[in-house]
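Before any comments, here is the structure.
Derivation of every value follows stated rules applied to the coordinates shown; laboratory data play no part. These numbers come from a predicted model, not from an experiment. Every residue, glycine as well, gets a Cβ built from its backbone with ideal geometry; the counts of neighbours run over all protein chains shown.
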Amino acid sequence: MVNIDHVATLRNARGEKVPDPVLAARISEEAGAAGIVFHLREDRRHIRDDDVFRLKEVVRGLFDFEMAPTDEMIKICCEVKADLATLVPESRQELTTEGGLDMEKSADDFAKRVIPPLKDHGVLISMFIDPNMKDIELSAELGAEVVELHTGYYANAQSEAQAQKELTALAAAADRAHSLGLRVNAGHGLNFENIQPFLDTVPHLRDISIGHALIADALFSGLENTVRRMSDIITG
Ligand code: PXP
């Protein structure tokens with residue numbers, strides 16, 4: 001699945017209407033993406049409320065609403081009838097999501113306040129968690145349908161040995177989640193260099209969420225043509 005947040009980051013940097021994350025979603029799905037992910041943050045730093053509703057009009061695959069479990073986000077997610085709510089911890093200062101949910105700390109609140117309205121609106125629930133057994137088991141107990149395994153520790157590993165260790169943890173976590181009947185998603189920090197060992201090692205993967213690396217690569221895949229086009233016009 002393609003996360004289109006950073007198309008909106010670029011748009012917002014100039015306060016213009018382009019590049020439009022909705023067009024990015026259309027192109028991504030035409031190119032084979034299984035769905036579209038976006039994170040509506042409390043501070044609206046990239047995706048904005050009207051993007052969410054415009055995206056809903058065009059997305060044909062999985063519509064994955066990544067969100068902090070706040071009352072405000074739950075309301076919008078139910079209103080737009082997302083296919084999936086991927087619940088993440090969120091802090092204002094972070095540059096990107098920094099870790100998975102602490103399921104032990106969240107369990108009571110999730111059971112009472114967060115999960116019932118989402119389920120009532122037919123939204124599947126995905127817990128973004130670190131690859132550890134306790135968080136997986138608690139996710140299953142709470143009735144989540146999906147876990148998204150946090151791949152950031154693997155992506156940021158400083159040595160081959162560390163990367164191998166993180167892959168082993170991710171594979172064991174995927175096995176456990178699958179055995180409990182959970183769908184296994186994964187994401188964060190995946191790119192063209194680290195995706196293959198990940199796919200070769202981690203079983204039962206359903207959907208993989210990738211954003212930053214795709215938008216960064218797309219820029220350089222297109223820049224040459226774009227500059228040539230403008231150069232041709234200017235030089236006549
Ligand atoms: N999954 C979650 C829960 C995320 O918060 C992010 C980052 O927005 C991603 C996946 C995608 O990560 P990246 O942009 O590094 O590919």
Residue that is farthest from the ligand (Cβ to nearest atom) [pool: residues in region 96-114 that are touching a strand residue (DSSP E or B) at 6+ places or on another chain (Cβ under 8 Å), aliphatic (A, V, I, L, M) and within 21 Å of ALA173 (Cα to Cα)]: MET103
Please state which one of ALA140, ALA157, ALA144, ALA161 is without any contact (Cβ under 8 Å) to a residue 24 or more places away in the chain, out of contact with any helix residue (DSSP H, G or I) (no Cβ under 7 Å at 6 or more places or on another chain) and of a type in the set (A, V, I, L, M). ALA161
Where residues in region 192-236 are of a type in the set (D, E, K, R) and surrounded by 12 or more Cβ atoms within 10 Å (Cβ to Cβ), which of them is farthest from the chain's Cα centre (by Cα)? ASP217
Within region 147-158, does at least one residue satisfy the condition of being more than 16 Å from the ligand (Cβ to nearest atom) and either buried (at least 19 other Cβ atoms within 10 Å of the Cβ) or not hydroxyl-bearing (Ser, Thr, Tyr) (or both)? yes
Selection count, region 187-223, where residues are free of Cβ contacts under 8 Å to residues at least 60 places away in the same chain and near the ligand (Cβ under 8 Å from one of its atoms): 4
Can you tell me how many residues in region 78-95 are without any contact (Cβ under 8 Å) to a residue 40 or more places away in the chain and either within 10 Å of the ligand (Cβ to nearest atom) or part of a loop (DSSP other than H, G, I, E, B) (or both)? 5
Mind checking which pairs have a first residue in region 45-70 that is touching a residue at least 40 places away in the same chain (Cβ under 8 Å) and under 15 Å from ALA24 (Cβ atoms) and a second that is of a type in the set (D, E, K, R) and within 15 Å of the ligand (Cβ to nearest atom), Cβ under 7 Å, 6 or more apart or different chains? HIS46/ASP5; ILE47/ASP5
When every residue in region 51-64 that is closer than 19 Å to THR9 by Cα and in contact with a Leu (Cβ under 7 Å, 6 or more places away or on another chain) is compared, the one nearest to the ligand (Cβ to nearest atom) is ASP64
Applying the selection to region 24-50, what residues are away from the ligand (no atom under 16 Å from the Cβ) and either of a type in the set (D, E, K, R) or touching a helix residue (DSSP H, G or I) at 6+ places or on another chain (Cβ under 8 Å) (or both)? ARG26, GLU29, GLU30, ASP49, ASP50
